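Notes follow once the structure below has been shown.
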Amino acid sequence: MKTRYDLIIGATLFWAQSLGITACAPETDGAADSSWVSQVDESPIVASAKTGASLGGVTLDADAVADLAIDAGTPTLRVHVRANVGLADVRPFVRESSPADGEVEVVWQDARNFDLVLRGAGLVKRALFGQRILMALDLAAAPGAMIAQLSIEPRLYGFRGQGPFAQAALTPVYVGGPDPLRYRVLLDTRGASVEVDAPAAVTPHPTKDTATVDLSFDTIVGLLEDGARIAFSTVFGTKTAQVGARVVSFELTSATEAEVLASTDVCEAWVFQCLGRVESEEISLCGTYLQVTGCLEADVCEVFGPQAFRLDAVEVPASIAAAQAAHAASASAPGFQWCQLSTLEAYALPECLATPGTMEAIVAEIFAGSWQEPAAVFEFGREVPADALTSLGFFGAACAAGGPELLAAIVAEFQGSQVIAWQYEEPTACHNCTSSRDLVILFYPDRGRIIVLEGGHGYDS
């Protein structure tokens, strides 16, 4: 199981990748059997660069620099695409978009060259936070079709000045709240405080030697509208840059349009685990905007699939631990007869079991590796009705004055949940006395939680 420190390391690696310290193949949202053929380009913006892919003798490529601008007050993104064969039709679409987001169109230059144009804040925002743009292509000279998809990232370019080093990528992250999308810049400030000059107020978030700056989509639109340069200033100087966009991947598949549309994004396990462990203000450490939003409503069974039966030790609830301590303090002193609760442990079942948990399986897990045969142990034990738990020795005042309070604490902790109780007793060696080992298991199926109490009782012969 990953600890909080594992997740911090994972987040550090995530930001190291965004700085280009290490390379990582990007996630694709195509169907598993689509056989996407792709080319990925992580280099800075260069006007002459191209990004493309080939499949079955057909090659498509796009200008790496996407034209990101404001056209008549509307955010617009334009990408020039060319093919090595004639195309009869190109039908572009964006997943989960609506007419309110804007429109995507194809502007033909000839049968092998066209511009893909996204008009509207919604569509441009989707493209810039990583939503892939898809195109269904019909070939002109031969029957057949294929699907192309390309990914675009916002970038800083045209750096000037001697200020702090800034990464080129504007990484889309999820920060929560009503407007959760931000485009994050990572700065190497050498520990100095930093000020940001942008169309809207921007608050840097410093760490020891770096700072992050989160830009909203509206701030990016403001930079484009004014043709302004964003400036990052420290005591060492000022660095300015412009905002642009780059085609970072281009992919082709022979899958049908229906197959591609039927495919869905997959929530990555490490992102899912991270979201379950970090505080809300740290959620942006759990991956990119698309990775996080893809896991916000994910189900544990969807992410990890059916899991084998096992018992995972968990912390005993505080109220039960306190009652256990009171039980030990109030236990009857050893004398002619005695009763002792030695251990109380808590366990959890995996949330998505391949088969439902049973008391027999729990007993088998507890006695695994023991000299005793688990099946025989289970057979010699007995199930205790839920309304007869007070009859169990550990919960009686004769064993300890705190016995009834311990049972009350357990019942209160699992209030409203069905309990399956099981008791096992076996004789143990004792000189001039009679002694037994006692084991009680309380199983709460709807919670997937188990409480195991173990101890013993006896009397002098």
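The values are calculated or read from the model by the stated rules, or taken from the named source; none is laboratory data. This structure is a prediction, so every number in the text was calculated from the model and none was measured. Cβ atoms come from the backbone with ideal geometry, glycine included; neighbour counts cover every protein chain shown.
Taking segment 402-430 only, how many residues are among the aliphatic types (A, V, I, L, M), in a loop (DSSP other than H, G, I, E, B) and within 34 Å of the chain's Cα centre (by Cα)?
Step one: list which residues in segment 402-430 are among the aliphatic types (A, V, I, L, M), which gives 406-412, 419-421, 429.
Okay, now just the ones that are also in a loop (DSSP other than H, G, I, E, B), so 419, 429.
After this cut, where a residue has to be within 34 Å of the chain's Cα centre (by Cα) as well, the list is 419.
Count: 1.
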Flag for residue 97 being surrounded by 15 or more Cβ atoms within 10 Å (Cβ to Cβ), outside the structural domain of residue 191 (by TED's automatic domain parsing) and in a loop (DSSP other than H, G, I, E, B): yes
Residues of segment 247-275 classified as under 8 Å from the mean Cα position of the chain (by Cα) and among the aliphatic types (A, V, I, L, M), total: 3
Residues satisfying the stated conditions in segment 240-274, i.e. crowded, with 21+ Cβ neighbours inside 10 Å and among the aromatic types (Phe, Trp, Tyr): 250, 272
Failed condition for residue 166, given (1) small (Gly, Ala, Ser); (2) surrounded by fewer than 19 Cβ atoms within 10 Å (Cβ to Cβ); (3) within 24 Å of residue 232 (Cα to Cα): (2)
Test result for residue 110, touching a strand residue (DSSP E or B) at 6+ places or on another chain (Cβ under 8 Å), surrounded by fewer than 19 Cβ atoms within 10 Å (Cβ to Cβ) and either at pLDDT 90 or above or not hydroxyl-bearing (Ser, Thr, Tyr) (or both): no
Enumerated strands (runs of 3 or more DSSP E) restricted to segment 27-83, each holding at least 2 residues that are surrounded by fewer than 18 Cβ atoms within 10 Å (Cβ to Cβ) and modelled with pLDDT under 90: 37-40, 50-55, 65-71
Hits in segment 342-384 - residues which are touching a Cys at 6+ places or on another chain (Cβ under 7 Å) and among the hydroxyl-bearing types (Ser, Thr, Tyr): none
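Give the number of residues within segment 172-192 that are in contact with an Asp or Glu (Cβ under 9 Å, 6 or more places away or on another chain) and either assigned to a loop (DSSP other than H, G, I, E, B) or among the polar types (S, T, N, Q) (or both).
6
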Qualifying residue in segment 227-238 (condition: within 25 Å of residue 68 (Cβ to Cβ), β-branched (Val, Ile, Thr) and in contact with a helix residue (DSSP H, G or I) (Cβ under 9 Å, 6 or more places away or on another chain)): yes
Test: residue in segment 193-208 that is at positive phi and not assigned by TED's automatic domain parsing to the domain that holds residue 292: no
Residues that are closer than 30 Å to residue 50 by Cβ and of a type in the set (S, T, N, Q), drawn from segment 265-290: 288
Segment 402-423 residues that are farther than 28 Å from residue 374 by Cβ and buried (at least 18 other Cβ atoms within 10 Å of the Cβ), paired with ones that are at pLDDT 95 or above and polar (S, T, N, Q) (beta carbon under 8 Å, 6 or more apart): 409/319
Pairs where the first residue, in segment 307-320, is acidic (Asp, Glu) and the second is loosely packed, with under 12 Cβ neighbours inside 10 Å and in a loop (DSSP other than H, G, I, E, B), C-beta under 8 Å, 6+ apart: 312/1
Any chance residue 291 is within 26 Å of the chain's Cα centre (by Cα), surrounded by 18 or more Cβ atoms within 10 Å (Cβ to Cβ) and more than 30 Å from residue 59 (Cβ to Cβ): yes
Per-region count, segment 193-223, residues touching a residue at least 24 places away in the same chain (Cβ under 8 Å), among the aliphatic types (A, V, I, L, M) and not in a strand (DSSP E or B): 5
Members of segment 189-228 that are of a type in the set (S, T, N, Q), surrounded by fewer than 13 Cβ atoms within 10 Å (Cβ to Cβ) and touching a Pro at 6+ places or on another chain (Cβ under 9 Å): 193
Hits in segment 224-258 (condition: outside any strand (DSSP E or B), of a type outside the set (Gly, Ala, Ser) and over 30 Å from residue 136 (Cα atoms)): 224, 225, 226, 229, 235, 236
